[in-house]
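Everything below concerns the one structure shown next.
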Amino acid sequence: MPQTVTLEVARYRPEREAEPIIETYEVPFRKDWVVLDALNHIKDKLDGTLSFRWSCRMGVCGSCGMTVNGRPKLTCAAFLSDHLPGPIRVEPLRYFPVVRDLVVDITDFMRKLKKVKPWIIRKEEKPLSEGEYRQTPDELDAYKQFSMCINCMICYSACPIYGLEPTFIGPAAIALAQRYNRDSRDQGAGERLEILSEHDGIWQCTFVGECTKVCPKNVDPAGAIQQYKLTSALHWVRTLLPRG
Amino acid sequence: MSSPARYTPYHPKWYRRRVSVWWWLETGSYTSFVLRELTSVFVAIFAVVMLWELRALAQGPAAYATFLARLKTPPFLALHALAFLFVVFHSITWFNLAPKAMAVRFRGKRVPDLVVAGLNYGAWLFLSVVVAFILLRG
């Protein structure tokens with residue numbers, strides 16, 4: 001087992017570099033270390049100027065997504081031992097504008113997320129006296145997978161369509177829209193249909209399928225989009241029928 | 001009273017990397033995706049050849065004989081061999097994707113992907129056997 005491992009980290013300091021450069025760091029190899037641990041070691045011991053986002057260290061917060069050896073991953077779940085012998089190249093998430101080093105600007109995603117109304121919409125709230133909205137385990141099962149999304153944007157970084165057509169609403173936002181569409185308590189599917197069925201919605205997707213492969217929470221955004229294409233197409237057919 | 005100060009919101013000096021023309025060569029799955037999309041071209045060519053065959057058939061036995069003779073020339077054999085490979089690739093990728101696009105639920109539980117794909121493959125095999133039987137019988 002090696003004593004150390006080499007990390008090639010993309011650095012972009014807008015006041016210094018016109019475009020990112022690669023800096024090399026030698027970090028101790030430990031069996032239980034993930035790439036995020038190595039980055040924190042660099043920040044603490046080798047170079048305090050390195051910038052990156054992280055928070056929970058356990059695949060819940062969705063902050064530490066980066067490109068590791070060309071693949072988008074949560075760095076808190078990317079073990080050094082799975083990337084031996086190295087060097088391990090760490091770059092910011094692809095297709096997002098880089099603000100500094102490994103930090104990308106996520107404004108675009110936040111705007112799109114809000115656009116699909118990822119919350120429960122009720123035409124009319126029932127009075128408190130009637131109690132809570134109850135769900136059977138099967139009704140929960142219908143949307144649970146999509147509710148696991150942690151907004152890490154790794155799926156966007158894996159989607160060449162998003163890279164080529166930045167106006168595409170994108171995998172996670174559509175999966176989250178589906179999460180609420182399939183919720184038995186929700187009545188907002190009609191409102192979301194307009195947003196999801198427009199040009200920059202589901203029809204931009206050509207089913208590359210990479211979003212599903214890279215998702216750290218097994219959300220299956222590609223499946224969500226294809227299933228919604230069927231819903232949207234059926235809705236369109238119904239509009240053609242009399243009294244549709 | 002002086003007018004309130006107008007701030008220009010701070011805007012970082014972003015770095016945006018352009019997507020390379022060769023993005024589809026970056027990973028194996030991107031390449032297989034582009035090949036899958038390309039299969040449609042061969043499916044279309046095959047459809048045109050079939051229309052051409054129908055036209056020859058409508059024009060009588062002599063025209064049809066000429067058509068058949070033309071199909072036996074090396075360029076057409078090569079085209080058909082290539083089209084066959086692409087169409088098989090098209091079918092396999094299509095059936096593998098079917099369970100993703102169709103979340104079939106049975107008695108409240110989702111039918112496993114393998115079952116959905118398996119039924120598709122089964123239908124493919126069955127129809128292929130039927131077609132082979134019809135063609136090889138005579």
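The values are calculated or read from the model by the stated rules, or taken from the named source; none is laboratory data. Please read these numbers as outputs of a predicted model, since none were measured by experiment. Positions of Cβ are generated from backbone atoms using ideal geometry, with glycine treated the same way; all protein chains shown enter the neighbour counts.
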Only listed residue being within 14 Å of chain B (Cβ to nearest Cβ) and touching a residue at least 40 places away in the same chain (Cβ under 8 Å), chosen from A:180, A:228 = A:228
Which one of these does residue A:207 not meet: (1) within 14 Å of chain B (Cβ to nearest Cβ); (2) under 29 Å from residue B:16 (Cβ atoms); (3) in contact with a Lys or Arg (Cβ under 9 Å, 6 or more places away or on another chain); (4) buried (at least 22 other Cβ atoms within 10 Å of the Cβ)?
-> (4)
Members of the range A:3-55 that are within 14 Å of chain B (Cβ to nearest Cβ) and of a type in the set (A, V, I, L, M, F, W, C) | A:10, A:18, A:21, A:22
If you check B:48, B:41, which single one turns out to be at pLDDT 90 or above, more than 9 Å from every other protein chain (Cβ to nearest Cβ) and within 30 Å of residue A:231 (Cβ to Cβ)?
-> B:41
Count - residues of the range B:97-120 that are surrounded by fewer than 15 Cβ atoms within 10 Å (Cβ to Cβ) and under 22 Å from residue B:43 (Cα atoms) | 0
How many residues, within the range A:52-70, are buried (at least 16 other Cβ atoms within 10 Å of the Cβ) and either in contact (Cβ under 8 Å) with a residue 24 or more places away in the chain or not assigned by TED's automatic domain parsing to the domain that holds residue A:99 (or both)?
-> 10
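Mind listing whichever residues of the range A:83-93 are under 20 Å from residue A:163 (Cα atoms) and assigned to a strand (DSSP E or B)? Full working, then the answer.
First pass over the range A:83-93, keeping only residues under 20 Å from residue A:163 (Cα atoms): A:90-93.
A:90, A:91 - these are the residues of the range A:83-93 that are under 20 Å from residue A:163 (Cα atoms) and assigned to a strand (DSSP E or B).
Residue B:18 - would you say it is loosely packed, with under 11 Cβ neighbours inside 10 Å and either in a loop (DSSP other than H, G, I, E, B) or within 10 Å of chain A (Cβ to nearest Cβ) (or both)? Steps first, please.
Working: loosely packed, with under 11 Cβ neighbours inside 10 Å: yes; either in a loop (DSSP other than H, G, I, E, B) or within 10 Å of chain A (Cβ to nearest Cβ) (or both): yes.
For residue B:18, the condition - loosely packed, with under 11 Cβ neighbours inside 10 Å and either in a loop (DSSP other than H, G, I, E, B) or within 10 Å of chain A (Cβ to nearest Cβ) (or both) - is met.
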If you go through the range A:1-58, how many residues are assigned to a loop (DSSP other than H, G, I, E, B) and over 19 Å from residue A:82 (Cβ atoms)?
-> 18
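Scan the range A:94-116 for residues that are in a loop (DSSP other than H, G, I, E, B), in contact (Cβ under 8 Å) with a residue 12 or more places away in the chain, at negative phi and within 11 Å of another protein chain (Cβ to nearest Cβ) and jot them down. Show your work before the answer.
Step one: filter the range A:94-116 for residues in a loop (DSSP other than H, G, I, E, B), giving A:94-97, A:101-102, A:105-106, A:116.
So of that shortlist, the ones also in contact (Cβ under 8 Å) with a residue 12 or more places away in the chain come out as A:94-96, A:101-102, A:106, A:116.
Adding the requirement that they be at negative phi leaves A:94, A:96, A:102, A:106, A:116.
A:94, A:96 - these are the residues of the range A:94-116 that are in a loop (DSSP other than H, G, I, E, B), in contact (Cβ under 8 Å) with a residue 12 or more places away in the chain, at negative phi and within 11 Å of another protein chain (Cβ to nearest Cβ).
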Options A:86, A:131: the member that is at positive phi, more than 11 Å from chain B (Cβ to nearest Cβ) and surrounded by fewer than 13 Cβ atoms within 10 Å (Cβ to Cβ) | A:131
Residue under evaluation residue B:88, criteria (1) surrounded by 15 or more Cβ atoms within 10 Å (Cβ to Cβ); (2) away from chain A (no Cβ under 13 Å); (3) among the aliphatic types (A, V, I, L, M), criterion not met = (1)
Would you be able to tell me the number of residues in the range B:108-122 that are modelled with pLDDT of 85 or more and either within 20 Å of the chain's Cα centre (by Cα) or among the β-branched types (Val, Ile, Thr) (or both)?
-> 8
Since residue A:32 meets every condition but one in (1) surrounded by fewer than 20 Cβ atoms within 10 Å (Cβ to Cβ); (2) within 28 Å of residue B:28 (Cβ to Cβ), which condition does it not meet?
-> (2)
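Hey, among B:66, B:93, which residue is in a helix (DSSP H, G or I), within 14 Å of chain A (Cβ to nearest Cβ), out of contact with any Asp or Glu (no Cβ under 6 Å at 6 or more places or on another chain) and among the hydroxyl-bearing types (Ser, Thr, Tyr)?
Values: B:66 fails: within 14 Å of chain A (Cβ to nearest Cβ).
The unique qualifying residue is B:93.
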Does residue A:216 fit the bill of being more than 10 Å from chain B (Cβ to nearest Cβ), of a type outside the set (Ser, Thr, Tyr), under 18 Å from the mean Cα position of the chain (by Cα) and closer than 29 Å to residue B:95 by Cβ?
-> yes
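State whether the residues of the range A:62-75 include one that is of a type in the set (D, E, K, R) and part of a loop (DSSP other than H, G, I, E, B).
We begin by selecting, within the range A:62-75, every residue of a type in the set (D, E, K, R); these are A:71, A:73.
Going one step further and asking which of them are part of a loop (DSSP other than H, G, I, E, B), we end up with none.
Checking the range A:62-75: not a single residue is of a type in the set (D, E, K, R) and part of a loop (DSSP other than H, G, I, E, B).
Regarding the range A:144-152, can at least one residue be identified that is free of Cβ contacts under 8 Å to residues at least 40 places away in the same chain and surrounded by fewer than 18 Cβ atoms within 10 Å (Cβ to Cβ)?
Yes, the range A:144-152 contains a residue that is free of Cβ contacts under 8 Å to residues at least 40 places away in the same chain and surrounded by fewer than 18 Cβ atoms within 10 Å (Cβ to Cβ).
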